[in-house]
Amino acid sequence: MAIYWDVQNVRISPEKIKLLNQWLNQKGDRLIQKAFAYWRKENEQLEKAIANEGFDSFNVPSPEKNAVDIKIMGVCKHDIMSERSIRIVILITGDKDYQPLVKELKNLGIKVILIHGNNVSQRLKKAVDETYSINELIASVNSAKATPEQLNSSTIIPYEEAKKYLIDLIKILQAEGKQPTLSVMGNLIKNYPKLSSSHKVSYCRPDGKIVSKFSKFVKAVIQEGILQERNGELTLV
């Protein structure tokens with residue numbers, strides 16, 4: 001697995017980098033992990049925290065807007081050609097400029113995972129195999145470490161996971177000629193396998209905030225332009 005982090009595009013506080021690294025450990029063995037930025041303009045603590053977690057830092061001392069993007073794409077292509085055993089590439093960015101790289105990687109049979117911040121290209125999200133909000137996955141690591149008492153026996157569903165299940169449910173109801181209203185969907189989503197034994201459900205929004213109301217989770221999906229609500233009925237756009 002190879003990881004390429006556009007630090008200027010996706011920034012997190014130094015204390016959260018260890019949590020990100022714990023999540024990355026679950027995805028497989030890392031052959032390459034590189035972080036790119038114009039480091040002179042970055043927080044020194046951030047650079048040290050990234051280095052402490054095993055990332056190789058690459059300085060891109062250029063004022064050009066896309067300098068880091070161009071550097072990452074060039075380094076990634078070189079690494080892939082040099083190390084043929086890489087079958088997964090994780091891009092930590094949200095920039096649309098990476099779409100050509102994603103296409104090349106997928107043509108080579110390489111799985112591409114995207115970790116993005118609050119600003120992310122929707123086309124880039126659709127181009128990759130998996131996509132995660134960095135705030136969401138950090139929140140999921142925190143919740144996994146918490147005790148049941150701390151979570152008040154609440155089961156937290158990651159945003160992308162809940163969104164996929166919601167879309168699948170809507171398709172099923174529409175195929176059966178039923179109306180996927182907000183109240184119906186709120187009840188059906190509780191049948192999700194992870195929630196079968198849970199009395200309380202919370203949803204992780206893209207910004208990492210945990211919400212207990214299903215309607216607030218749905219509102220976040222609607223804001224992505226994937227769903228729309230008319231007269232209480234949810235439909236796919």
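Quick one: in the stretch 186-217, of everything that is among the charged types (D, E, K, R) and either assigned to a helix (DSSP H, G or I) or open to solvent by less than 50 Å² (accessible area, probe 1.4 Å) (or both), which residue is modelled with the highest pLDDT? Ranking the qualifying residues of the stretch 186-217, first place goes to Lys216. Here is a check on your reading of the model: is Val10 in a loop (DSSP other than H, G, I, E, B) and under 22 Å from the mean Cα position of the chain (by Cα)? Criteria met by Val10. Looking across the stretch 13-42, the residues that are assigned to a helix (DSSP H, G or I), without any contact (Cβ under 8 Å) to a residue 40 or more places away in the chain and within 16 Å of Tyr132 (Cβ to Cβ) come down to Ile17, Asn21, Asn25.
Scanning the stretch 1-50 for residues that are among the polar types (S, T, N, Q) and either open to solvent by 20 Å² or more (accessible area, probe 1.4 Å) or within 21 Å of Ile80 (Cβ to Cβ) (or both) gives Gln8, Asn9, Ser13, Gln22, Asn25, Gln26, Gln33, Asn43, Gln45. Put simply, of Glu104, Glu64 the only residue that is of a type in the set (Asp, Glu), surrounded by fewer than 16 Cβ atoms within 10 Å (Cβ to Cβ) and at pLDDT 90 or above is Glu104. Scanning the stretch 52-85 for residues that are assigned to a loop (DSSP other than H, G, I, E, B) and of a type outside the set (Lys, Arg) turns up Glu53, Gly54, Phe55, Val60, Pro61, Ser62, Pro63, Glu64, Asn66, Glu83, Ser85.
From the list Lys77, Lys71, the one residue that fits, being surrounded by 15 or more Cβ atoms within 10 Å (Cβ to Cβ) and not small (Gly, Ala, Ser), is Lys71.
Is the stretch 86-97 home to any residue that is open to solvent by 10 Å² or more (accessible area, probe 1.4 Å), among the small types (Gly, Ala, Ser) and at pLDDT 85 or above? There is no residue in the stretch 86-97 that is open to solvent by 10 Å² or more (accessible area, probe 1.4 Å), among the small types (Gly, Ala, Ser) and at pLDDT 85 or above. Filtering the stretch 167-185 to residues that are in a helix (DSSP H, G or I) and either aromatic (Phe, Trp, Tyr) or at pLDDT 85 or above (or both) leaves Ile167, Asp168, Leu169, Ile170, Lys171, Ile172, Leu173, Gln174, Ala175. Of the residues examined, Ser140 is one that is under 24 Å from Asn21 (Cα atoms), touching a residue at least 40 places away in the same chain (Cβ under 8 Å), in a helix (DSSP H, G or I) and of a type in the set (Gly, Ala, Ser).
Among all positions in the stretch 126-143, there is no residue which is of a type in the set (Val, Ile, Thr), open to solvent by 70 Å² or more (accessible area, probe 1.4 Å) and at pLDDT below 90. The single condition among (1) buried (at least 18 other Cβ atoms within 10 Å of the Cβ); (2) in contact with a Gly (Cβ under 6 Å, 6 or more places away or on another chain) that Asn119 does not satisfy is (1).
The values are calculated or read from the model by the stated rules, or taken from the named source; none is laboratory data. What you are looking at is a predicted structure, and each value in this text was computed from that prediction instead of being measured. For neighbour counting, all protein chains shown are included, and Cβ atoms are generated from backbone atoms with ideal geometry for every residue, glycine included. Accessible surface is based on the protein model in full, side chains and every heavy atom, while ligands, DNA and RNA are left aside. Shrake-Rupley method; radii C 1.70, N 1.55, O 1.52, S 1.80 Å.
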